Amino acid sequence: MHKMKKSTFIVALLFAGFAFKTATAQINVSFKANIGAQPVWGPVGYNHVEYYYMPDIDVFYYVPNHQYIYQHRGRWVYATALPSRFHNYDVYNGYKVVVNDPYPYRHADTYRAKYAQYKGHHDQEIIRNSHDSKYFEVKGHPEHNNWVRDHDQRNNGHNQQNNDRDLRSDHDRKGNDHPHDHS
């Protein structure tokens with residue numbers, strides 16, 4: 001009887017360990033970096049951003065679709081530009097809070113309360129002003145065109161190497177000499 005209790009206990013421990021490992025695996029959510037999708041006025045320091053919350057104007061910005069989300073007559077509106085009532089707001093200088101929760105505007109009261117103290121803050125470094133090369137891929141960054149040119153040159157060099165290798169392979173399969181062999 002003592003052995004059966006011990007076996008049952010061991011099985012229960014193993015099962016609990018497996019269940020914990022499974023739960024942990026489900027909690028770990030990884031995001032793919034989306035630096036290139038972020039606007040030049042976004043704050044530096046984030047490899048992945050779903051939303052920004054701008055407490056000065058109580059507006060969200062959805063990075064993947066490049067859309068502002070704001071309330072108009074009690075309803076959430078999605079737009080590629082801010083409405084005229086925010087014409088004096090400067091997205092480059094206003095404070096942005098990174099939010100990676102799904103549909104944060106559905107819980108806007110929580111974000112309003114949590115980030116109210118950031119209203120009027122203008123101390124964030126933004127992507128446009130960063131000298132970190134990882135931000136050069138962001139369209140509108142002062143170094144973006146250089147990044148594109150360098151990136152294209154690297155890709156063309158890589159493609160040329162692949163083309164040369166493929167050409168040599170074709171000649172080898174056909175029993176021909178390498179194109180550079182003239183003996």
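The values are calculated or read from the model by the stated rules, or taken from the named source; none is laboratory data. Predicted model, so just to flag it, every value in this text is computed and none were measured. For neighbour counting, all protein chains shown are included, and Cβ atoms are generated from backbone atoms with ideal geometry for every residue, glycine included.
Pick from 171, 180: which is modelled with pLDDT under 95 and assigned to a helix (DSSP H, G or I)? So that I can check it myself, show each step before the final result.
Details: 180 fails: assigned to a helix (DSSP H, G or I).
On inspection, the qualifying residue turns out to be 171.
Go through the stretch 36-85 residue by residue and tally those that are exposed (fewer than 13 other Cβ atoms within 10 Å of the Cβ) and touching a helix residue (DSSP H, G or I) at 6+ places or on another chain (Cβ under 7 Å).
Residues flagged as exposed (fewer than 13 other Cβ atoms within 10 Å of the Cβ) and touching a helix residue (DSSP H, G or I) at 6+ places or on another chain (Cβ under 7 Å) within the stretch 36-85 amount to 2.
Residues being buried (at least 17 other Cβ atoms within 10 Å of the Cβ) and of a type in the set (Ser, Thr, Tyr): count how many of those fall in the stretch 98-109.
Going through the stretch 98-109 one residue at a time, the tally reaches 1.
Look through 21, 96, 32 and report the one residue that is closer than 19 Å to residue 138 by Cβ, modelled with pLDDT under 95 and of a type in the set (D, E, K, R).
Details: 21 fails: closer than 19 Å to residue 138 by Cβ; 96 fails: modelled with pLDDT under 95.
Result of the check over 21, 96, 32: 32.
Given the residues 94, 120, which is the only one that is farther than 17 Å from residue 51 by Cβ and small (Gly, Ala, Ser)?
Exactly one residue qualifies, and that residue is 120.
Restricted to the stretch 110-159, and to residues that are among the hydrophobic types (A, V, I, L, M, F, W, C) and surrounded by fewer than 12 Cβ atoms within 10 Å (Cβ to Cβ), which residue is nearest to residue 41 (Cα to Cα)? Spell out the reasoning first.
So the first thing to find is which residues in the stretch 110-159 are among the hydrophobic types (A, V, I, L, M, F, W, C), and the list is 113, 116, 126-127, 136, 138, 147-148.
Then drop every residue that is not surrounded by fewer than 12 Cβ atoms within 10 Å (Cβ to Cβ), which leaves 113, 116.
Details: 113: 24, 116: 20 Å.
Selected residue: 116.
Counting only residues that are of a type in the set (Gly, Ala, Ser), give me the strands (runs of 3 or more DSSP E) lying completely in the stretch 34-144 with at least 1 of them. Talk me through it step by step, then tell me what you get.
Working: elements: 51-54, 59-62, 67-72, 75-79, 97-99.
In the stretch 34-144, 75-79 are the strands (runs of 3 or more DSSP E) which contain 1 or more residues that are of a type in the set (Gly, Ala, Ser).
Within the stretch 28-82, which residues are among the small types (Gly, Ala, Ser) and within 9 Å of the chain's Cα centre (by Cα)?
Result: 33, 36, 37.
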